[in-house]
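The values are calculated or read from the model by the stated rules, or taken from the named source; none is laboratory data. Computed from a predicted model, the values in this text were never measured in an experiment. Note that we place each Cβ from the backbone using ideal geometry, even for glycine, and neighbour counts take in every protein chain shown.
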Amino acid sequence: MLKHLREFNLTVVCFALSAIALGRALQINLGFYTPDALWWLTVAFISSAVGVVLHRSNSSVSRTSAVALSALLVAGIAWQFYQLYTTPPGLFMREGANLGVFRAGLVAQGVCIACGILNIRPLRRFWFPGLLAASLFLGVWMIRATPDPYIDVVEVHKEAIKALVHHRDPYRISYANIYVNSDAQKFYNPEAVIGGRLAQAYPYPPPSLLLATPGHVLFGDYRYSELVLLIAGAALIGFTFGTVPAMLAASLLLTTPRIWFVIEEGWTEPIGIFLLVLTVVLMRRAPILGGWVAGIFAMTKQYLGVTALAFIRLMFIRPKQWPWVAFGVIFAAAAVTLPFALWHPNAFMRNVIWLQTREPFRTDSLSYLAWAAANGFGRGSFLWAVGAGSIAAIITNFTTRNTPEGFAASIAWTTFAFFAFGSKAFCNYYFFVIGALCCAIAALPLASGKQKGSESV
């Protein structure tokens with residue numbers, strides 16, 4: 001008994017609990033602030049913190065840990081199915097959207113996962129691909145059910161992609177202000193609204209735009225790119241690591257209650273999740289190639305700047321190969337960024353860097369700063385987020401192992417801290433954290449050199 005307790009990997013259990021609790025927090029009010037949502041966020045944050053602190057204590061998942069982890073993931077997936085089934089999946093669905101079709105897709109997902117859990121022999125090889133296919137169906141339904149969501153993210157992507165395919169700088173455009181005045185005042189600096197248009201351009205780094213473009217060109221909606229990359233990320237989690245816990249972790253991601261809301265709104269976090277998972281997979285199997293993908297991943301979102309220490313550590317996972325890995329990280333990051341940054345440097349810096357520091361304080365942000373503002377403690381600034389993220393990055397440097405799964409854990413908790421103490425933290429940001437936690441769970445190997453449990457899939 002004592003031997004089993006010593007071998008028990010509490011880290012993966014804490015990460016699973018964190019992902020489930022964070023999914024619940026986002027479900028309560030679509031990722032916007034409420035005291036109840038913040039309570040669940042706190043449970044998730046503390047759970048992930050415990051998991052990070054204990055990360056070095058076990059380098060693998062014992063049989064006992066795998067059973068406990070699988071049981072928790074199954075319970076979490078069942079709870080998430082209930083939330084998905086009883087709540088509309090999006091906010092701006094067109095009139096007449098058939099929720100019966102959506103729920104049929106959920107049933108298909110549930111049947112696939114149940115077949116995997118019950119270990120039905122003829123279906124061992126098919127339940128997880130079936131889950132991926134059902135998830136792809138749900139994503140396509142969601143996009144078709146919400147062709148014109150009321151959010152500026154979709155509008156700016158359309159304008160930026162249009163500029164890019166016509167060889168114009170997407171960081172020197174303007175786009176229509178789709179909001180009424182009361183909403184526009186919450187979202188934008190008043191100086192940015194001029195004559196019904198926004199005097200600002202594409203606000204995200206280039207990789208997000210480049211990887212979103214194929215969906216627009218091929219299918220008329222860039223969100224198809226994000227959907228495909230999200231499903232591909234889940235497929236990598238399940239197939240690459242090949243264990244029952246890994247496939248259940250991917251299933252947890254694909255049943256997160258607000259997953260289809262993220263797709264509806266066109267947020268770019270699915271791209272970040274895919275690149276994180278691909279980086280972790282390649283760093284285990286082909287570190288030099290993994291360095292190239294890591295360089296692209298590092299440039300996907302501005303908030304990944306606070307995780308710089310994790311990327312530096314990543315270069316030294318294989319000591320003998322570190323110069324080549326470092327070269328790949330640096331060269332790839334420069335290759336996807338400098339052509340745009342040098343096209344019109346002032347416009348690039350204004351929209352990618354400085355714009356984030358000039359946006360209004362969001363009292364509806366799901367963060368401790370919003371709680372402080374609501375309770376009369378004043379409004380903080382983005383410096384709180386930078387400080388919290390930097391402290392978390394330093395802590396994870398000492399508490400996580402310098403391994404691919406340690407990299408995923410470090411990214412998850414550092415960005416979690418950055419958002420939780422930020423003035424702008426919503427559903428899409430925390431969805432990325434959930435994806436990173438699921439990747440960190442799946443990447444930890446089972447105790448035996450032979451992947452126990454893979455025979456039962």
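If you take the residues of segment 93-143 that are touching an Asp or Glu at 6+ places or on another chain (Cβ under 9 Å) and either without any contact (Cβ under 8 Å) to a residue 40 or more places away in the chain or not in a helix (DSSP H, G or I) (or both), which of them is nearest to I263 (Cα to Cα)?
Of everything passing the filter in segment 93-143, M93 is nearest to I263 (Cα to Cα).
Quick grid of which residues meet (1) of a type outside the set (K, R); (2) at positive phi; (3) in contact with a Cys (Cβ under 9 Å, 6 or more places away or on another chain); (4) assigned to a loop (DSSP other than H, G, I, E, B):
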{"site": "I173", "(1), (2), (3), (4)": "yes, no, no, yes"}
{"site": "K186", "(1), (2), (3), (4)": "no, no, no, no"}
{"site": "Y202", "(1), (2), (3), (4)": "yes, no, no, yes"}
{"site": "T213", "(1), (2), (3), (4)": "yes, no, no, no"}
{"site": "H216", "(1), (2), (3), (4)": "yes, no, no, no"}
{"site": "D221", "(1), (2), (3), (4)": "yes, no, no, yes"}
{"site": "Y224", "(1), (2), (3), (4)": "yes, no, no, no"}
{"site": "L236", "(1), (2), (3), (4)": "yes, no, yes, no"}
{"site": "A249", "(1), (2), (3), (4)": "yes, no, yes, no"}
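With a cut-off of at least 3 residues that are crowded, with 16+ Cβ neighbours inside 10 Å, name the helices (runs of 4 or more DSSP H) lying wholly within segment 1-82. Spell out how you get there, then give the answer.
Values: elements: 2-7, 10-28, 35-53.
Qualifying helices (runs of 4 or more DSSP H): 10-28, 35-53.
Exactly one condition in (1) modelled with pLDDT under 95; (2) among the small types (G, A, S); (3) farther than 21 Å from I28 by Cβ; (4) surrounded by fewer than 17 Cβ atoms within 10 Å (Cβ to Cβ) is false for A347; which is it?
A347 satisfies every listed condition except (4).
Let's see how each residue does on (1) surrounded by 19 or more Cβ atoms within 10 Å (Cβ to Cβ); (2) touching a Phe, Trp or Tyr at 6+ places or on another chain (Cβ under 7 Å):
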{"site": "W127", "(1), (2)": "yes, no"}
{"site": "S135", "(1), (2)": "yes, no"}
{"site": "R144", "(1), (2)": "no, no"}
{"site": "H166", "(1), (2)": "no, no"}
{"site": "P170", "(1), (2)": "yes, yes"}
{"site": "A176", "(1), (2)": "no, no"}
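If you go through segment 329-340 one residue at a time, how many are in contact with a Phe, Trp or Tyr (Cβ under 8 Å, 6 or more places away or on another chain) and surrounded by fewer than 18 Cβ atoms within 10 Å (Cβ to Cβ)?
Of all residues in segment 329-340, those in contact with a Phe, Trp or Tyr (Cβ under 8 Å, 6 or more places away or on another chain) come to 329, 331-332, 340.
Add one more test, that the residue is surrounded by fewer than 18 Cβ atoms within 10 Å (Cβ to Cβ), and what stays is 331.
Summing the residues that are in contact with a Phe, Trp or Tyr (Cβ under 8 Å, 6 or more places away or on another chain) and surrounded by fewer than 18 Cβ atoms within 10 Å (Cβ to Cβ) in segment 329-340 gives 1.
Condition first: at pLDDT below 95 and among the polar types (S, T, N, Q). Now tell me which residues in segment 45-69 satisfy that.
S57, N58, S59, S60, S62, T64, S65
Going through L198, L164, L211 one at a time, which residue ends up being at pLDDT below 95 and in contact with a Ser or Thr (Cβ under 7 Å, 6 or more places away or on another chain)?
L198
So G295 fits all but one of (1) surrounded by 15 or more Cβ atoms within 10 Å (Cβ to Cβ); (2) within 18 Å of A201 (Cα to Cα); what number is the exception?
For G295, the exception is condition (2).
What's the number of the condition A310 fails, among (1) in contact (Cβ under 8 Å) with a residue 60 or more places away in the chain; (2) exposed (fewer than 14 other Cβ atoms within 10 Å of the Cβ); (3) among the small types (G, A, S)?
Going through (1) in contact (Cβ under 8 Å) with a residue 60 or more places away in the chain; (2) exposed (fewer than 14 other Cβ atoms within 10 Å of the Cβ); (3) among the small types (G, A, S) one by one, A310 breaks only (2).
Would you mind stating whether L198 is in contact with a strand residue (DSSP E or B) (Cβ under 8 Å, 6 or more places away or on another chain), of a type outside the set (D, E) and surrounded by 23 or more Cβ atoms within 10 Å (Cβ to Cβ)? So that I can check it myself, show each step before the final result.
Numbers: in contact with a strand residue (DSSP E or B) (Cβ under 8 Å, 6 or more places away or on another chain): yes; of a type outside the set (D, E): yes; surrounded by 23 or more Cβ atoms within 10 Å (Cβ to Cβ): yes.
So L198 fits the description; yes.
Does segment 253-270 hold any residues that are under 18 Å from F416 (Cα atoms) and part of a helix (DSSP H, G or I), and which are they? Working first, answer last.
First pass over segment 253-270, keeping only residues under 18 Å from F416 (Cα atoms): 253, 256, 258-259, 262, 267-270.
Scanning segment 253-270 gives L253, I259, V262, E269, P270.
Out of L22, L69, L10, L106, which single residue is closer than 17 Å to N428 by Cα and hydrophobic (A, V, I, L, M, F, W, C)?
Values: L69 fails: closer than 17 Å to N428 by Cα; L10 fails: closer than 17 Å to N428 by Cα; L106 fails: closer than 17 Å to N428 by Cα.
After applying the criteria, what remains is L22.
To keep it simple, each residue is scored yes or no on (1) over 22 Å from the mean Cα position of the chain (by Cα); (2) of a type outside the set (D, E); (3) surrounded by fewer than 19 Cβ atoms within 10 Å (Cβ to Cβ).
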position: L342; (1), (2), (3): yes, yes, yes
position: D364; (1), (2), (3): no, no, yes
position: A373; (1), (2), (3): yes, yes, no
position: L383; (1), (2), (3): yes, yes, yes
position: I391; (1), (2), (3): no, yes, yes
position: N397; (1), (2), (3): no, yes, yes
position: G406; (1), (2), (3): no, yes, no
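Here is a check on your reading of the model: is V280 touching a residue at least 12 places away in the same chain (Cβ under 8 Å), within 25 Å of L210 (Cβ to Cβ), in contact with a Pro (Cβ under 7 Å, 6 or more places away or on another chain) and among the β-branched types (V, I, T)? Walk me through how you get there before you give the answer.
Values: touching a residue at least 12 places away in the same chain (Cβ under 8 Å): yes; within 25 Å of L210 (Cβ to Cβ): yes; in contact with a Pro (Cβ under 7 Å, 6 or more places away or on another chain): yes; among the β-branched types (V, I, T): yes.
Judged against the criteria, V280 is a match.
Just name the residue that is surrounded by the most Cβ atoms within 10 Å (Cβ to Cβ) out of those in segment 98-125 that are in contact with a Leu (Cβ under 7 Å, 6 or more places away or on another chain) and of a type in the set (A, V, I, L, M, F, W, C).
Of the residues in segment 98-125, the ones in contact with a Leu (Cβ under 7 Å, 6 or more places away or on another chain) are 102, 105-106, 109, 112-113, 115.
Remaining after also requiring of a type in the set (A, V, I, L, M, F, W, C): 102, 106, 112-113, 115.
On the way: F102: 22, L106: 17, C112: 22, I113: 26, C115: 18.
For segment 98-125, the residue satisfying everything is I113.
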